[in-house]
Amino acid sequence: MPTFITLLIYVLGGAALGSLMILTGIPAGPLLGGILGAGMLSISGQLDVASWPLGTKTVLGIGIGTVIGTGINRDTLGELQELWKPALVITFTLLLTGIMVGLLISKFFGVEKIIALLGAAPGGTIGMSLVGAEFGVGAAVAALHAVRLITVLFLIPAIVHFLAPATGANITK
């Protein structure tokens, strides 16, 4: 099957499940649905492995970064004046925890140290996969982050609803 058709099927599969996930009210449902839709097609073995044109991931990463960046405004900067200390504590705690977990995973499960460290790093799937690709372990790192991301997207909204119920805010959008 031509590469373009294969990619189109992956995009349609991800878009279909991503669109359905909008109806669930799960935060980041479209993202989760896109991951699951394309992932299920890939796992099925019915399609060739996706081979994206050079620069596609970079362009998509820039697009996602731009969407996130447009949410930063003067109010965000005002909040950061209050939140910079917790932000630093969170960042360094996640870094240290990621390093410790990565080293433990490597030791007890025999996973290569580079894969375990990058897989336990508190970065996004795309970013850590790109770093992993530079070390020749991008697919393994992407797999670890995909499992983490899917699990977090399923569990954290329920935990937040339980531990910190919304006060009039609609957090499902």
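Remark: H145, H161 ranked as H161, H145, counting other beta-carbon atoms within 10 Å and listing the fewest first.
The mean sequence separation of alpha-carbon pairs under 8 Å and at least six residues apart, normalised by the residue count of the chain, gives a relative contact order of 17 percent. Per the Debye formula on identical point scatterers at the alpha carbon atoms of the stretch 1-51, with no solvent, log10 I(q)/I(0) at q = 0.17, 0.32 Å⁻¹ is -0.47, -1.10.
Using a 10 Å cut-off around each Cβ, can you sort S19, S106, S51 from fewest to most neighbouring Cβ atoms?
Details: S19 14, S106 18, S51 9.
Starting with the residue having the fewest Cβ neighbours, the order is S51, S19, S106.
P(r) for the chain, from all Cα pairs and a bin width of 10 Å, is 9, 26, 38, 22, 5, 0 %, short bins first.
Relative contact order of the stretch 7-90: 23 percent, from C-alpha pairs under 8 Å at least 6 residues apart in sequence. Taken over the stretch 95-173, the alpha-carbon convex hull comes to 111 cubic angstrom per residue.
3J(HN,Hα) along the stretch 61-69, derived from phi through the Karplus expression 6.51 cos²θ - 1.76 cosθ + 1.60 where θ = phi - 60°, amounts to x, 5, x, 5, x, 5, 4, 5, x Hz, with x in place of Gly and Pro. Net charge dipole, the stretch 74-173: roughly 140 debye, given to the nearest 20, about the Cα centre with Cβ charges of +1 for Lys and Arg and -1 for Asp and Glu.
Between V147 and L77, what FRET efficiency follows from the Cβ-Cβ distance if R0 is 35 Å, with the result rounded to 0.05? Between V147 and L77 the formula returns 0.55.
No value in this document is a laboratory result; all are computed from the given coordinates. The model shown is predicted, which means the values in this text are computed figures rather than measured ones. No Cβ is skipped: glycine too gets one built from the backbone with ideal geometry, and neighbour counts run over all protein chains shown.
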